[in-house]
Amino acid sequence: MTGREIIQRLHDGKRVFSLATVNPSPLWPNLVKQIGVDFVFVDTEHTPIDRQTLSWICQTYSAMGIPPVVRLPCNDPYEACKALDGGAGGIIGPYVETPEQVRGLVGAVKWRPLKGRRLDDALRDPATLEPELREYLEKRNHDKILIVNIESVPAIENLHAICSVSGLDAVLIGPHDLSCSLGIPEQYSHPRFDEAVRTIFRIAREHGVGAGVHFWLGLEQEITWAKAGGNLVMHASDVAAFSRTMKSEVEHLRGALGD
C-alpha cells in the first residue's frame, strides 16, 4: 500500500494495520513483510537509533514497498525534515497537546522544502502560494503521512482544534502516558481510560481524521477498540512480541520438564 493510499484510508475511516519496529537487523524487514502490515512505525523517541541507522531502516522498508513512519524524539520540524531526508515515509509527533505543534509538523511533512516566512504564510493560507509552486509541493509530498500522539488530558481538551489542522492524517493514543495523565497509571481496563479512548476516537472521526491506540497487552481489547472506531490498528512491537512469546514458551518448557 502506498503512502497516498494509507492517507486516504485513514481519512475515509477504513482500517490500516501497522506494528512498531526497532530492530536494525538486515534480516528483519523481510520477516516483517511476510506479516502483511500496511506500514511500519519506527520509534526514535524511546530507542537509541542514530540518524544513519534510521536512514538504512527507512530506505530498506521503502524499497520493499512498506512505508516507514518515524516517531520523532520531539516535535521539532527540523527533526522531521531530517527523518524525511533519510527516507521516512511519514512522521509521528510525540505527546502533542496543541494545534500549533501540529501546524509545525504539517509544514515539515506536507510543505517540504518551504521554510521561514514563506512556510508561515502557506500554513496560514495556502492561496498565498503561486499555483505552480503549490502543485509542485503537493505532488512532492502527496504520499507523506502525518500522525500525532495523543497522550494527555490537555491533548483531549484541545482535540477538536488539533484535528481541525489541515494536513493531519491520524491521531494515535499512547496508552502508558495517557493513563498516567489520567491519574490511573497502567490501568488500561479502567472505565475512565476506556472513556478517554472512545472520546478521542469519536472526536477524530468527526473531523475525518484517522484514530488508533498503540496497544500490546491483549488482542481482544485491541479488537474492541477497533470496533469502537479505531481505524488505525497499531499492534504491539517487535520487541514486545519477542519478549512475550519467548517468555511464554520458556515457561512452558520449564513446566513440562519439571524445572
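Just to be sure I follow: if Rg is taken over the C-alpha atoms of the chain and Rh is the Kirkwood radius over the same atoms, what is Rg/Rh?
A ratio of 0.99.
Could you give the size of the charge dipole of the range 3-257 about its Cα centre, using +1 on the Cβ of each K and R and -1 on the Cβ of each D and E, expressed in debye and rounded to the nearest 20?
The dipole of the range 3-257 has a size of about 420 debye.
Under a straight-distance cross-link criterion of Cα-Cα below 15 Å, which aspartates and glutamates are reachable from residue 139, leaving out those fewer than 8 residues away in the same chain?
Within the straight-line limit of under 15 Å, residue 139 reaches these aspartates and glutamates: 5, 130.
Using only the Cα atoms of the range 150-198, construct the convex hull and provide its projected area averaged over every direction, in square nanometres to one decimal.
If I average the Cα hull's projected area over directions, I get 3.2 nm².
So what is the relative contact order of the range 90-200, in percent, for Cα pairs below 8 Å that sit 6 or more residues apart?
It rounds to 31 percent for the range 90-200.
What distance in nm separates the two pseudo spin-label positions at residue 125 and residue 4, each 7 Å out from Cα along the beta-carbon direction?
2.9 nm
Stretch residue 50-residue 239 to full length: gain in nm at 0.36 nm per residue minus the Cα-Cα span?
Here the segment from residue 50 to residue 239 would lengthen by 66.2 nm.
What translational diffusion coefficient, in µm²/s and rounded to a whole number, does the Stokes-Einstein relation yield for the range 109-193 at 37 °C and a viscosity of 0.692 mPa s, taking the hydrodynamic radius as the Kirkwood radius over Cα pairs?
For these conditions, the coefficient is 217 µm²/s.
Quick one: what are the phi-derived ³J(HN,Hα) couplings along the range 242-259, Karplus 6.51/-1.76/1.60 with θ = phi - 60°, whole Hz, x for glycine and proline?
Result, ordered by residue: 4, 4, 5, 5, 5, 4, 5, 5, 5, 4, 5, 4, 4, x, 5, 9, x, 9 Hz.
What ³J(HN,Hα) values, in whole Hz, does the Karplus curve 6.51 cos²θ - 1.76 cosθ + 1.60 give for the range 110-119 when θ = phi - 60°, with x put for Gly and Pro?
Values, residue by residue: 9, 10, 4, x, 4, 9, x, 5, 4, 5 Hz.
Express the relative contact order of the chain as a whole percentage, based on alpha carbon pairs under 8 Å and six or more residues apart in sequence.
Answer for the chain is 21 percent.
Hand me the GluC sites (Glu not before Pro) from the range 1-105 located in a DSSP loop with no more than 16 other Cβ atoms within 10 Å, in residue order please.
45
Cross-link list 82/247; 33/227; 115/227; 33/82: which exceed 30 angstrom alpha carbon to alpha carbon?
Flagged as over cut-off: 82/247; 115/227.
Where a number appears in this text, it was derived from the coordinates with a stated rule and is not lab data. These numbers come from a predicted model, not from an experiment. Neighbour counts run over all protein chains shown; Cβ positions are idealised from the backbone, glycine included.
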